[in-house]
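J.: If you scroll down you'll find the structure; I have some questions about it.
The values are calculated or read from the model by the stated rules, or taken from the named source; none is laboratory data. All of these numbers come straight from a predicted model, not from anything done at the bench. Cβ atoms come from the backbone with ideal geometry, glycine included; neighbour counts cover every protein chain shown.
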Amino acid sequence: MKEFKDKKIIITGGAQGIGLALVESFAEVGSEVIFIDKEKIKGQKLQRRFNRTNKKVFFYPCNLSDFAKSIKLFRKILKKHKNINFLINNAKAGKRNEVLKEKEKNWSESIDVILKNSFFFSQEFIKQNRYNKISKAILNITSVVTNLISNESPSYHAAKSGLEGITKYLASHAGKFGVRVNSIAPGFVIQKRHYKKFFGKKNSKYRNLILGFHPMKNFGTENDIIKAAFFLLSNTSKFINGSSISLDGALSKNSYLQLQKQIEPSKK
């Protein structure tokens, strides 16, 4: 991972979950990591932890549902840190509502954080980098819901599907500036903070059901996303642009009949 040493990267939603794993991973390989999150206390603790080991990690607190503040902050970051190499749009927001319980407020928050900010952050990133002769790329974290329907909210489906479309659009229109744009679409991914609950004895029925949905009877982890992120931002993937890597263990490729067959063993 020497390629990423001293490279600069911005990660949205970096104080917890997948975003936190990305911050930690890029910091460990020597990148200068700038991350944005509304969780102020968590973000500050993370920055202090890395700064104690001389890692270049910078935290900027912001509620990305407030677009006026978020775009102002993003422009400030670009001006202060200069020559940012990579942008990972990972932040998400909104509650998991059923179709008849979805509210306009939840819809707006999901769309603003997942889709609106990702596009305009990418636009500002491209503007700054259009004449820079440096390695530069954007990575959007979408979701398996771009290929199937889940129990996430309608707004989440709309926002993630829109982000997938924006990935392709930006790849086409930003290519002339030397900026590659790709996405990762995670499926069922177990995060570190959920390991204990997922592998608990009382959770065996649910765990077997989940494994039954996947052709290889396995599941994804944060590490799978990290490896894919390193690959898509590296020079190894210099001719990959406008693509999406599905990290779902072929879950979204299953037909209804195949799912039935795979679920049956988990009921025994």
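J.: Going through segment 133-158 one residue at a time, which ones are among the hydroxyl-bearing types (Ser, Thr, Tyr), surrounded by 19 or more Cβ atoms within 10 Å (Cβ to Cβ) and out of contact with any strand residue (DSSP E or B) (no Cβ under 8 Å at 6 or more places or on another chain)?
T.: Applying the first criterion (among the hydroxyl-bearing types (Ser, Thr, Tyr)) to segment 133-158 yields 135, 142-143, 146, 150, 153, 155-156.
Those left that are additionally surrounded by 19 or more Cβ atoms within 10 Å (Cβ to Cβ): 142-143, 146, 153, 155-156.
Within segment 133-158, Ser153, Ser155, Tyr156 qualify.
J.: Within segment 61-94, track down each residue that is crowded, with 16+ Cβ neighbours inside 10 Å and charged (D, E, K, R).
T.: Once the filter is applied, which keeps residues that are crowded, with 16+ Cβ neighbours inside 10 Å and charged (D, E, K, R), segment 61-94 yields only Lys92.
J.: Restricting segment 196-226 to residues that are small (Gly, Ala, Ser) and not in a loop (DSSP other than H, G, I, E, B), which is farthest from Ile88 (Cα to Cα)?
T.: Within segment 196-226, the subset small (Gly, Ala, Ser) is 200, 204, 212, 220.
From what's left, not in a loop (DSSP other than H, G, I, E, B): 204, 212, 220.
Numbers: Ser204: 34, Gly212: 32, Gly220: 19 Å.
Ranking the qualifying residues of segment 196-226, first place goes to Ser204.
J.: Additional query: Look through Val57, Val99 and report the one residue that is in contact (Cβ under 8 Å) with a residue 40 or more places away in the chain and of a type in the set (A, V, I, L, M).
T.: Working: Val57 fails: in contact (Cβ under 8 Å) with a residue 40 or more places away in the chain.
Matching residue, one of Val57, Val99: Val99.
J.: Restricting attention to segment 21-74, which residues are of a type in the set (A, V, I, L, M), under 26 Å from Gly94 (Cα atoms) and in contact with a helix residue (DSSP H, G or I) (Cβ under 9 Å, 6 or more places away or on another chain)? Don't jump to the end; show me each part of the working.
T.: Let us first name the residues in segment 21-74 that are of a type in the set (A, V, I, L, M), namely 21-23, 27, 29, 33-34, 36, 41, 46, 57, 64, 68, 71, 73.
From the residues that got through so far, the ones that are under 26 Å from Gly94 (Cα atoms) too are 21-23, 33-34, 36, 41, 46, 64, 68, 71, 73.
Result: Ala21, Leu22, Val23, Val33, Ile34, Ile36, Leu46, Leu64, Ile71.
J.: Taking the residues in segment 227-268 that are aromatic (Phe, Trp, Tyr), at pLDDT 90 or above and in a helix (DSSP H, G or I) as candidates, determine which candidate is surrounded by the most Cβ atoms within 10 Å (Cβ to Cβ). It would help to see each step written out before you state the result.
T.: Going through segment 227-268, the residues aromatic (Phe, Trp, Tyr) turn out to be 230-231, 239, 256.
Checking the rest, the ones that are also at pLDDT 90 or above come to 230-231, 239.
Pick out the ones that are also in a helix (DSSP H, G or I) and you get 230-231.
On the way: Phe230: 18, Phe231: 14.
Selected residue: Phe230.
J.: Continuing with this model, one more query. If Ile36 meets every condition in (1) out of contact with any Cys (no Cβ under 6 Å at 6 or more places or on another chain); (2) within 23 Å of Leu232 (Cβ to Cβ); (3) modelled with pLDDT of 95 or more apart from one, which number is that one?
T.: Ile36 satisfies every listed condition except (1).
J.: Quick check on segment 7-17: of everything there that is touching a strand residue (DSSP E or B) at 6+ places or on another chain (Cβ under 7 Å) and farther than 14 Å from Leu233 by Cα, which residue is surrounded by the most Cβ atoms within 10 Å (Cβ to Cβ)?
T.: Among those that are touching a strand residue (DSSP E or B) at 6+ places or on another chain (Cβ under 7 Å) and farther than 14 Å from Leu233 by Cα, it is Gly14.
J.: Let me ask another. What helices (runs of 4 or more DSSP H) completely inside segment 1-82 contain at least 1 residues that are of a type in the set (Gly, Ala, Ser) and farther than 19 Å from Phe125 by Cα?
T.: 17-28, 40-51
J.: Could you please find all residues in segment 189-205 being surrounded by 11 or more Cβ atoms within 10 Å (Cβ to Cβ) and free of Cβ contacts under 8 Å to residues at least 24 places away in the same chain? Step through it out loud before you land on a result.
T.: Initially, segment 189-205 is screened for residues surrounded by 11 or more Cβ atoms within 10 Å (Cβ to Cβ), giving 189-195, 197-200, 203-204.
Within segment 189-205, His194, Tyr195, Lys197, Phe198, Phe199, Gly200, Asn203, Ser204 meet the criteria.
J.: Taking the residues in segment 216-226 that are of a type outside the set (A, V, I, L, M) and loosely packed, with under 15 Cβ neighbours inside 10 Å as candidates, determine which candidate is nearest to the chain's Cα centre (by Cα). Before you say what the answer is, go through the steps one by one.
T.: If we filter segment 216-226 for residues that are of a type outside the set (A, V, I, L, M), which is where we start, we get 217-224.
Going one step further and asking which of them are loosely packed, with under 15 Cβ neighbours inside 10 Å, we end up with 217-218, 223.
Details: Lys217: 24, Asn218: 21, Asn223: 13 Å.
The selected residue is Asn223.
J.: Something else about it: All but one of (1) at pLDDT 95 or above; (2) within 30 Å of Pro154 (Cα to Cα); (3) of a type outside the set (D, E, K, R); (4) in contact with a Gly (Cβ under 6 Å, 6 or more places away or on another chain) hold for Phe59, so report the exception by its number.
T.: (2)
Residues are listed down the side, and each one gets a yes or a no for (1) in contact with a helix residue (DSSP H, G or I) (Cβ under 6 Å, 6 or more places away or on another chain); (2) surrounded by fewer than 23 Cβ atoms within 10 Å (Cβ to Cβ); (3) hydrophobic (A, V, I, L, M, F, W, C); (4) outside any helix (DSSP H, G or I):
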| position | (1), (2), (3), (4) |
| --- | --- |
| Ser118 | yes, no, no, no |
| Gln128 | yes, yes, no, no |
| Tyr131 | no, yes, no, yes |
| Lys160 | yes, no, no, no |
| Tyr169 | no, yes, no, no |
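J.: Further question on the same structure: For segment 171-195, what are the residues that are assigned to a helix (DSSP H, G or I) and modelled with pLDDT of 80 or more? If you could, list the steps in order and put the result at the bottom.
T.: Quick first cut of segment 171-195, residues assigned to a helix (DSSP H, G or I) only: 171-177, 192-195.
Across segment 171-195, the qualifying residues are Ala171, Ser172, His173, Ala174, Gly175, Lys176, Phe177.
J.: If Ile210 passes every condition in (1) surrounded by 15 or more Cβ atoms within 10 Å (Cβ to Cβ); (2) modelled with pLDDT of 80 or more; (3) of a type in the set (Val, Ile, Thr) but one, which one does it miss?
T.: If we test Ile210 against (1) surrounded by 15 or more Cβ atoms within 10 Å (Cβ to Cβ); (2) modelled with pLDDT of 80 or more; (3) of a type in the set (Val, Ile, Thr), just (2) comes out false.
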